[in-house]
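What follows is one structure encoded as structure tokens, with my remarks underneath.
Read the figures in this text as sums done on the coordinates, not as results from a lab. Predicted model only: the values in this text are computed from it and were never measured. Positions of Cβ are generated from backbone atoms using ideal geometry, with glycine treated the same way; all protein chains shown enter the neighbour counts.
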């Protein structure tokens, strides 16, 4: 009962906070990235998840620091070791007026693992559920194979769709708007790829009336163009302000900036699995056995990277060198791991020890329109690797092309980003370092196919350990094991920056989302 009471108190506070600033104006948002789809279950990536929140709702929300809050569920309690009961919000309707019930939740969870061609799915978020019991239209129970202490956190990662419109619907049906009928604060009006997405306020929304009548989301991938659009008044707010522009924008009397620490990790994924990797040769261009299967080579790559220089020069100080997948203060974070020191001599020694005294050739691939300065970071990493003997070429491309190829395992060395969905380390471990297992949803973003049985075992133990201290200890050990084995090469955590016209205010989020409900007008 205490959990239910606290959940209800929290939602009341949320409603009070969000109630201010209602207006009938249009908010135009300039976004660095465009979603690959409006199907909320197709691709677990920031740009998609952000837009899904406009149209759909989650059972459990997250505040700006990723703490859990009631959403379509008003409370959740474990009724036994293997059963969670969720009480659903009454009086909620979809955009067409049909009622939201437990049937929609059941349909959503059963749909997630079946979405065709998903490049990075939410299957791991629901894989613990073995049976779904509908007690009544607004009470649902999830039976798990074992204890599932993280189930509420997992429920905060995906959106609920309508069974009426989702049954038999394809991803294309969501993209066209045919199936994009949610319970969320806005209704999809139009998606013109590469140009804009238009939303209209849902005046029958179950929550507080939203502050903006119309939302126009414009993908503007070029940093300079996005900044220019803000300064000219073509957009009202932009995300991912380029670090080089922060100083001069902060001096513009017509603009306001907002900064937030971030859980967004920029890192390298390495092909540590295949004997024959596609983008590696010896110095004469002849194919060789994949050197990154050797932990000494992976360690050399890590030592070759000057993280402090990237943070200072490329990111203009708006980045924090990283040692693991989440910064300090999050569940599962190790207190002993420190960012790898820049050590080119040590890198060369490790390469020689591994049998590559003269290095080898490799290509690093990355997006050029997804993360802050992503193309420049890839270039910097390539130069640093080349200096220690790993002669590195760079091939960057639009994220719409890049992620499909990366998921198809076409690359050997990849620049990627990851921000936790759940606000703790099991999400990162399960997606990035656990051995790839499509059926269970593990390794959904493990594009290097890193595999370490010890990491797998520790994570899986943590996922069924209810005692908080033991749960955290298992996560920490799994993180330390995977990072010491160089499952990925962490580079830095981004600091998120938004810029907006004077008269607007936005409290930046650690997940990097730009949510209209949190953009308010100042007096």
### Query
When the helix-only estimate is applied to the chain (DSSP H runs of n ≥ 4, each -39,500 (n - 2.57), divided by the residue count), what is the mean residue ellipticity at 222 nm, nearest 500 deg cm²/dmol?
-8000 deg cm²/dmol
### Task
Using only Cα atoms, find the angle between the long axis of helix 2-18 and the longest principal axis of the chain, and express it within 0 to 90 degrees, rounded to the nearest 10.
90
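Report the far tail of the P(r) of segment 23-73, meaning the percent of Cα-Cα pairs longer than 17 Å. Don't jump to the answer; show the numbers that get you there.
Numbers: 614 of 1275 pairs.
Summing the P(r) of segment 23-73 above 17 Å gives 48 percent of all pairs.
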### Task
Give the shape of segment 248-352 as rounded, prolate or oblate, defined through the alpha-carbon gyration tensor: a ≥ b ≥ c are the square roots of its eigenvalues, a/c under 1.5 means rounded, and otherwise the shape is prolate if a/b is larger than b/c and oblate if not.
prolate
### Task
Find the Cα radius of gyration of segment 262-495, compare it with 2.2 N^0.38 Å by division, and give the number to two decimals.
0.96
### Task
Neighbouring Cβ atoms within 10 Å as the yardstick, rank 442, 42 fewest first.
442, 42
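Sort 315-327, 136-148, 113-125 for me by packing, meaning the mean count of neighbouring Cβ atoms within 10 Å per residue, highest on top.
On the way: 315-327: 21.1, 136-148: 17.3, 113-125: 19.2.
The packing order, highest mean first, is 315-327, 113-125, 136-148.
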### Task
Could you state the angle between the C-alpha long axis of helix 453-463 and the longest principal axis of the C-alpha atoms of the chain, as a value from 0 to 90 degrees rounded to the nearest 10?
20
## Note on the structure
Taking Cα atoms, the helix 468-484 axis meets the longest principal axis of the chain at an angle in degrees (rounded to 10) of 30
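How large is Rg/Rh for the chain, to two decimals, with Cα atoms and a Kirkwood Rh?
Values: Rg = 22.9 Å, Rh = 23.7 Å.
Over the Cα atoms of the chain, Rg/Rh equals 0.96.
Rounded, prolate or oblate: which one fits segment 54-165, using the alpha carbon gyration tensor with axes a ≥ b ≥ c (rounded when a/c is under 1.5, else prolate when a/b beats b/c, else oblate)?
Numbers: a/c = 1.25, a/b = 1.12, b/c = 1.12.
Judged from the Cα gyration tensor, segment 54-165 comes out rounded (a/c under 1.5).
Based on alpha-carbon atoms only, what is the radius of gyration of segment 2-219 relative to the globular estimate 2.2 N^0.38 Å? Could you put the intermediate results ahead of the total?
Details: Rg = 16.8 Å, N = 218, 2.2 N^0.38 = 17.0 Å.
My calculation over the Cα atoms of segment 2-219 gives 0.99.
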### Message
Along each principal axis of its Cα atoms, how long is segment 164-215 end to end? Whole angstroms, biggest number first, please.
### Response
32, 29, 9
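Under the classification rounded if a/c is under 1.5, otherwise prolate if a/b is larger than b/c and oblate if not, where does segment 344-466 fall, given a ≥ b ≥ c as square roots of the Cα gyration tensor eigenvalues?
Working: a/c = 2.22, a/b = 1.42, b/c = 1.57.
Here segment 344-466 falls in the oblate category.
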### Query
How far is the Cα center of segment 43-101 from the Cα center of segment 486-523, in Å?
22
### Query
In whole angstrom, how far apart do the alpha carbon centroids of segment 104-145 and segment 163-221 sit?
23
### Query
Gap in Å between the Cα centre of segment 378-439 and the Cα centre of segment 253-318?
8
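Over the chain, what relative contact order in percent results from Cα pairs under 8 Å that are six or more residues apart? Each step should come with its number before you reach the end.
On the way: 1178 pairs, mean separation 105.2, N = 523.
Worked out over the chain, it gives 20 percent.
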